[in-house]
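Below: one structure, written as structure tokens.
The values are calculated or read from the model by the stated rules, or taken from the named source; none is laboratory data. In this text, all values refer to a predicted model and were calculated from it rather than measured experimentally. Don't worry about glycine lacking a Cβ; one is built from the backbone with ideal geometry, like all the others, and counts go over all protein chains shown.
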Amino acid sequence: MVPSRVSYPNSFGGRMTLSFHLLIVLVFPPLTAAKHNTTAGGCAIIRPPRDGGIRYRGLTQEQIRSVQVLPVDYEIEYICRGNRVIVGPNVRKCLPNGTWTDLTQRSKCLLQCLRVWTSLENGRVSEWPLGPPVEGTVLQYSCLPGFILVGRNSTHCNKLGQWDWPKPVCHYDRHYTDFHKVSDSMMGK
């Protein structure tokens, strides 16, 4: 059995401890060089989005700290901190050419605004861009026929994860039916 740690005397009268793995790297560097060489196949570690992290499947924390290149077909998953959500690809895969999938599409961790603003009783809400309501999302409000919009017709999800205006409401237009009765009688209906 090979010990995992070896202790040697040093020149200061104390002892120096080397892990067996470090000893292998120092004595046999060609055996470990491929692990850190992208030409041997694999992808260099990439940074997570701001306010996010990366979930490395099957690796311990110690392995994550020491690895520089991940093998072809390995998948990483972005995760966000707090009440942020990932916008863009949340999983990337190492390709045989040494790059990660979807690198042209940026992944961001953004604060999410309340979803209750994305629906309107007796009205319609259009959202841009489509997806979860995160910072930068714009909502446009309109009411169904027979109802009047009370409040602003648009709102923006700001960088604090809050809508910049109160949610509007659609109130019944009591004049709507009178107008239609008059217009219908004028048309001979």
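Observations
- Failed condition for Leu18, given (1) at pLDDT below 50; (2) within 15 Å of Trp100 (Cβ to Cβ): (2)
- If you go through the stretch 89-102 and keep only what is touching a residue at least 12 places away in the same chain (Cβ under 8 Å) and either over 30 Å from Leu139 (Cβ atoms) or among the charged types (D, E, K, R) (or both), you end up with Arg92, Lys93, Cys94, Leu95, Pro96, Gly98, Thr99, Trp100, Thr101, Asp102.
- The set of residues from the stretch 38-75 being under 17 Å from Lys108 (Cα atoms) and part of a loop (DSSP other than H, G, I, E, B) comprises Ile46, Arg47, Pro48, Pro49, Arg50, Asp51.
- Matching residues, the stretch 118-171, being surrounded by 12 or more Cβ atoms within 10 Å (Cβ to Cβ) and basic (Lys, Arg): Arg124, Arg152, Lys167
- Flag if Asn90 is more than 30 Å from Gln162 (Cβ to Cβ) and out of contact with any helix residue (DSSP H, G or I) (no Cβ under 8 Å at 6 or more places or on another chain): no
- Within the stretch 41-63, considering residues that are farther than 30 Å from Lys159 by Cβ and surrounded by 13 or more Cβ atoms within 10 Å (Cβ to Cβ), the one modelled with the lowest pLDDT: Gly41
- Selection status of Leu95, surrounded by 12 or more Cβ atoms within 10 Å (Cβ to Cβ), assigned by TED's automatic domain parsing to the domain that holds His171 and not small (Gly, Ala, Ser): no
- Pairs with Cβ under 6 Å, 6+ apart, first in the stretch 142-163 and touching a residue at least 24 places away in the same chain (Cβ under 8 Å) and among the hydroxyl-bearing types (Ser, Thr, Tyr), second assigned to a strand (DSSP E or B) and surrounded by 14 or more Cβ atoms within 10 Å (Cβ to Cβ): Thr155/Leu139; Thr155/Trp163
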